[in-house]
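Asks: Below you will find the structure I want to go over with you.
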Amino acid sequence: MRIKALVRRIFEQMLRDKRTLALLFLAPLLVLSLMYYLFNHTGNASDAKIGAAHMDPQIISFMKQQGLDVVAYEKADKDTLVADKLDAVIEMQDGELHLILKNSDPSQSKALQMKIGQMAEAFTQAGQKQAMSVPSSKPGITTEYVYGSADTTLFDTLSPILIGFFVFFFVFLISGIGLLRERTTGTLERLMSTPVRRGEVITGYLAGYGIFAFIQTVIVVVYATMVLGINMAGSIWYVLLTNLLLAFVALSLGILLSTFAASEFQMVQFIPLVIIPQIFFAGIFPLEHMASWVQVIARIMPLYYGADALKSVMYKGLGFADIALDLSVLVLFAALFIILNILALKKYRKL
């Protein structure tokens, strides 16, 4: 009977806690659905958009028959590739194929390089059978890269994203649980009974936790680049600036969400709902070839902009002008969360 009473009490407690029930039953379905969709829609050679210059129309037609998305150009180079958001440019130079790969996704680049090689051989064989004016042997292929090199691995493109994610995640968790502890111990309530303004309270918490967020950011970036030797094509100062803004967004978001949690367990419940979806839309999976609605969702995630800026600096070697928009959006996110924090503190003011 005692066991039955205990089971009944736990059952009734769980039924009253709607947030825990949602986490238990709905969150796994959400995360699993995201993983299923993203893993089954990652970029491959067939998704690539290729610019073709100085190419025989027969070759271009053959490439399209092989399932490649080819756009004809009179002249195309690296600048054309970047400006028109192509994945590769291929042109005929002195009887050889010259392939320029953007290399934003090394796995896609290797697949595309293999596809082009197979296509060249198949076209040569088909032309010989049909007595077409094609080379007697498979033309040679020279390869050039806009970003990275032939030795670039998938981790080289993921490491900037992972650095931003770890900074974002741990700052979010520590700041959220820290303010939650202030509430559960009554410190926040006593503080709000004084004449101190809500904006001053938020500023104090942001500054206090911000110091530790700053130290953590510096340690993570320095360790990743100096000790682990993660690729750093651009300026480390831009990397530090981006991570600091990302940490500030996580800090203000963590403090905001902590006002809706009654315990550390409820604070942790926000992780699969707020943090995990962000890592899926941060660029680990190429979003360029995803459905438009997926790209819209990605653009409401702070980590999307932080990861884009970090990858632009660390992997692509771009400058401040190229990441200014991403940084501006991070500042706007932080400002929005700070305003919401000030409004949320109103319910703790008793006077």
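Asks: Could you pull the Cα extents of region 202-351 along its three principal axes, largest to smallest, in whole Å?
Replies: That works out to 54, 37, 29 Å along the principal axes.
Asks: Run the accessible area of region 256-351 with a 1.4 Å probe and give the carbon-and-sulfur part as a rounded percent.
Replies: Details: 3080 of 4290 Å².
The value for region 256-351 is 72 percent carbon and sulfur by accessible area.
Asks: For Leu332 paired with Ala150, estimate the spin-label separation in nm (one decimal), with each label point 7 Å from Cα along the Cα-to-Cβ line.
Replies: So the label points at Leu332 and Ala150 sit 4.4 nm apart.
Asks: Now, a different point. Just order 306-316, 81-91, 219-229, 166-176 by mean Cβ neighbour count inside 10 Å, highest at the front, would you? Provide the component values of the computation, followed by the final result.
Replies: On the way: 306-316: 26.4, 81-91: 19.1, 219-229: 13.7, 166-176: 22.2.
Final packing ranking: 306-316, 166-176, 81-91, 219-229.
Asks: If you don't mind, another one. If you roll a 1.4 Å probe over the heavy atoms of the protein chains, what accessible area per residue do you get for region 195-301, in Å²? Working shown, then result.
Replies: Values: 4950 Å² over 107 residues.
Per residue, region 195-301 has 46 Å² of solvent-accessible surface.
The values are calculated or read from the model by the stated rules, or taken from the named source; none is laboratory data. The structure presented is a predicted model; accordingly, all values stated were derived computationally and were not measured. In this analysis, Cβ positions are derived from the backbone assuming ideal geometry, glycine residues included, and neighbour counts consider all displayed protein chains. Just so you know, the surface numbers come from the protein's heavy atoms only, side chains and all, with ligands and any DNA or RNA stripped out. Shrake-Rupley method; radii C 1.70, N 1.55, O 1.52, S 1.80 Å.
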